[in-house]
Amino acid sequence: MLSLSSMAPTNPFEDPLRFERQVPPCVVVIFGANGDLTKRKLLPALYRLAYDRRLAAGFAIVGISRTPLSDDQFREKMRESVQQFSEDTPLDPAVWNDFARALYYVAGDIADAALYRNLASKLAAIEAGAHTGGNALFYLSTQPSQYAPIARGIGAAGMGKGNGWRRLVVEKPFGHDLASAQKLSDELHEVFDEAEVYRIDHYLGKETVQNILAFRFGNGIFEPLWNRRYVNHVQITGAESIGVEGRGAYYQEAGALDDMIQNHLLQVMATIAMEPSASFRATSVRDERSKLLRSIRPMTPGEVRKNAVSGQYGPARIGGKDAPGFRQEPGVAPDSQTNTYAAVTFFVDNWRWAGVPFYVRTGKRLAKRVTEIAIQFNSAPLHIFNQDGAGDSPNLLILRIQPEEGISIKFLSKRPGSGMTLRPVSMDFNYGSSFGERSPSAYETLLLDAIVGDATLYTRQDMVEASWSVVEPIQNVWRESRFDFPNYPAGSWGPAAADEMLARRGHVWRKP
Amino acid sequence: MSATVSPDRILKQLADLWTAEGRQGDAGVLRACSMTLVVIAEVSDDPSALGETLAALMPEHPARTILVRLSGDGERALAERVYQQCWMPFGQRRQICCEQIEITVSDAALADLPSVLLPLQVPDLPVILWCRSARLTDLPERRELAGIATKMVFDSTNAPNPAQALGRLRDACGKGLLVADLAWTTLTRWRESLARLFDNRDYLARLAEVQSVRVAFPSGLASAAWYLAAWAANALGRAPSLVPGASALRLELSSQGFSVSLAREDDRLVTTVDGKSSCASLPAPTGYLLMREELAIVRRDPVFERTLELAARLAVHSSSEG
């Protein structure tokens, strides 16, 4: 039986109505501290959290990389990064000085056991001096091939367990197919329990993706329409107007299908299509996302050929400037078969969505940068106003994720004047202008969630495996195919085959 | 100045404004509204500064704003003007607009004000009454105005008699009204900093040792000091001591072997634990920042209500000592 004396005292100064949520003290250990992600995203996000007083008093960061640096040299490098990459946060000298005092550095080779012994000593010293409560968050901002060796090094040095909690954050890709994803999870589980592994998908940290949950489950009027009886089809677009921007060598190994659809867009699809969860607890929400991913019908090779389109951009002239094709990008083979565009028709085999196509597309060098979900509803059963064809215009619900976050509903309205002429009108909710408050970056949200122990927006092993199970049959067919690339010019909306894929079901892609 | 205003005429003018706005340009306007915000201010209240504050609040809390200007003594007078507050979100083609109504009213016509405000409320949305006029708390019409409000916001710092203002707020709160005092709102970042400090288990364990809660304050910050002292005292179950005449607001919790203090130094909040200091950015709270926080809370606020109860008693005690 629990005695009163054994219960932890509660903080009497709490005011949950007005205060930001409680953040425990901890040390964040960043492997790959000299890398681009650390400089561009992680440190600016952590500094912003400090600037907003969102971090606990007992907070420290340890950067790890091969380059020999002193703590002070590391602090100076990070100050430069924060200054350069914090878009909307001033470098306040007083706040920075406090923040920088909690920055430490350990140099070493990830394969060398001495690195982990040094790190363990450093963590012990920090825990004693900075009151981090024994809590440690290990962030792996390294090559995926180093995830398992680092986890093993942490475990071998006894840092996998401690006085407080231990968590491991890993960046995508989580494997390159189902088998490698399972192998990676097994290797991480040698040291960390699944509940301690946080697989980050920065798409889920975006405010507007979270707003999908608020929109669906905070309102009573939409959910009754959210099923096969009313929804005709769903289009999910993740389009980029830029090319591979010097990442040709990396991208050649990944491609659009693995880089975007397997993780980001399938997670967005799961958020759109999942069943209501019983609560907003991490387990509950992730269970529903996982169930949805497992309900996506895997395709046979024959179905892949009909329901998946691969593309690669060729050179074009955009706005008076020459844009190179993918094969002309540095580091890309002149006969590369890598897909820079992928469009897939998915079906969800459950009662809610049976027979409703989910069209998912992504690509580099498309006409514009836009990420959105368009839900097209069935037309009215009888078109009594159909004089000029406007009555055929179906209702659309558009959830825009970037760049102009918001929600639009398209419906028909009578044109003013005599006669019953209808025209489509759009009712818009603009997230940015209806709420003028600065939205936190995805990394601010996700880092804070990991420190607090809220895994709602993180991807679980079963979710990763479910999405690989869906994508792998497509990978297998495409790997054995020889494509006539390039098949779409830079600056267009993708290959004609993608339009034909929708046309077979009487649908057309939106041009967002 | 006219002696009557017609709510119907105001509503017609608003409708005409939207129609005219919609005809301009091809991108159209977006009407946004999440509440009715009634602001009661003296005519002497700087109109441009107030206008800027209201404009800044609109993107996050779009509202139909009814600005009531009290023109004071003189013959019975009541007049109105209707306009829009619009802004173009960065990088977008469409304007976002909110409605604004300005009503000027003399003291002699103040009794007519509630009957004008009532039909101008946006249906189904909360009505927030922001009372910037310190004088209004002494006028009998305040009760009827309170009757139309979902929440009333005052600032006891500006009240001629802050102790009396806290007493009235406590009474209003006791009757079930949602009330807020911006003197309390200024303390949120202070309170949060202190709370975060005691997330540290070692410090939290030592909190029971604290014997003394002391708040030093300069003139003009008496109500903030009463609130801070009352809040800390409620949390710790210790009687607070108040020390007027300080150069800046300062909270000290101490025992024989442990001390914590929070003090403002320029634009920073300095936290000191056993002699070791750290600081965080704490710009002087603007009317916009304070109202932004209060407009986000349209429900009971148990921590504030508990604090108000004790702060009102501390205020009476301090005033009788002074």
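The values are calculated or read from the model by the stated rules, or taken from the named source; none is laboratory data. The structure presented is a predicted model; accordingly, all values stated were derived computationally and were not measured. Cβ atoms come from the backbone with ideal geometry, glycine included; neighbour counts cover every protein chain shown.
Brief remarks on what is shown
- Residues that are in a strand (DSSP E or B) and either in contact with a Leu (Cβ under 9 Å, 6 or more places away or on another chain) or free of Cβ contacts under 8 Å to residues at least 40 places away in the same chain (or both), drawn from region A:60-102: A:Ala60, A:Ile61, A:Val62, A:Gly63, A:Ile64
- Qualifying residue in region B:268-285 (condition: facing chain A (nearest Cβ under 10 Å), assigned to a strand (DSSP E or B), of a type in the set (D, E, K, R) and more than 21 Å from A:Asn11 (Cβ to Cβ)): yes
- Unique match (being modelled with pLDDT of 95 or more, under 22 Å from B:Tyr203 (Cα atoms) and surrounded by 18 or more Cβ atoms within 10 Å (Cβ to Cβ)) among A:Val62, A:Val28: A:Val28
- Checking B:Arg196, B:Arg201 one by one, the residue that is closer than 20 Å to A:Pro16 by Cβ, free of Cβ contacts under 8 Å to residues at least 40 places away in the same chain and touching a Gly at 6+ places or on another chain (Cβ under 7 Å) is B:Arg201 and no other.
- Some residue of region B:164-181 being touching a Pro at 6+ places or on another chain (Cβ under 8 Å) and charged (D, E, K, R): no
- Qualifying residue in region B:244-253 (condition: closer than 27 Å to A:Ala56 by Cα, loosely packed, with under 15 Cβ neighbours inside 10 Å and in contact (Cβ under 8 Å) with a residue 60 or more places away in the chain): no
- With respect to the conditions (1) touching a Phe, Trp or Tyr at 6+ places or on another chain (Cβ under 9 Å); (2) within 14 Å of chain B (Cβ to nearest Cβ), A:Leu448 falls short on a single one, namely (1).
- Residues in region B:145-159 that are small (Gly, Ala, Ser) and surrounded by 21 or more Cβ atoms within 10 Å (Cβ to Cβ) were compared, and the one that is nearest to B:Leu290 (Cα to Cα) is B:Ser156.
- Of all residues in region A:19-41, those satisfying the criterion of being away from chain B (no Cβ under 11 Å) and without any contact (Cβ under 8 Å) to a residue 60 or more places away in the chain are A:Asn34, A:Asp36, A:Lys39, A:Arg40.
- Region B:208-240: number of residues that are more than 22 Å from the chain's Cα centre (by Cα), crowded, with 16+ Cβ neighbours inside 10 Å and in a helix (DSSP H, G or I): 4
- Checking each residue in region A:469-499 for being within 24 Å of A:Gln376 (Cα to Cα), touching a residue at least 40 places away in the same chain (Cβ under 8 Å) and in a helix (DSSP H, G or I) picks out A:Val470, A:Ala497, A:Ala498.
- Looking only at residues of region B:201-258 that are more than 14 Å from chain A (Cβ to nearest Cβ) and out of contact with any strand residue (DSSP E or B) (no Cβ under 9 Å at 6 or more places or on another chain), we find that the one that is farthest from B:His317 (Cα to Cα) is B:Gly257.
- B:Arg196 satisfies every condition listed in (1) assigned to a helix (DSSP H, G or I); (2) within 12 Å of chain A (Cβ to nearest Cβ); (3) under 19 Å from the mean Cα position of the chain (by Cα) except (3).
- Answer residue from region A:42-59, given it is within 13 Å of A:Glu127 (Cα to Cα) and facing chain B (nearest Cβ under 9 Å) and is modelled with the lowest pLDDT among those: A:Ala57
- Condition met for A:Glu80 (modelled with pLDDT of 90 or more and either surrounded by fewer than 24 Cβ atoms within 10 Å (Cβ to Cβ) or within 14 Å of chain B (Cβ to nearest Cβ) (or both)): yes
- Residue selected from region B:129-177 under the condition in a helix (DSSP H, G or I) and among the β-branched types (Val, Ile, Thr), by the criterion farthest from B:Ala49 (Cα to Cα): B:Ile148
- Residue satisfying all of: in region B:250-283; more than 18 Å from B:Ala232 (Cβ to Cβ) and of a type in the set (Ser, Thr, Tyr); modelled with the highest pLDDT among these: B:Ser277
- Taken over region B:52-66, residues that are more than 9 Å from chain A (Cβ to nearest Cβ) and of a type in the set (D, E, K, R) amount to 2.
- Among the residues of region B:53-89, the ones that are in a strand (DSSP E or B) and either under 20 Å from B:Leu295 (Cα atoms) or at pLDDT below 85 (or both) come to 17 in all.
- In region B:29-58, the residues that are farther than 21 Å from B:Thr104 by Cα form Cβ pairs under 8 Å with partners that are of a type in the set (S, T, N, Q) and at pLDDT 85 or above, at six or more places apart or across chains, as follows: B:Met58/B:Thr65.
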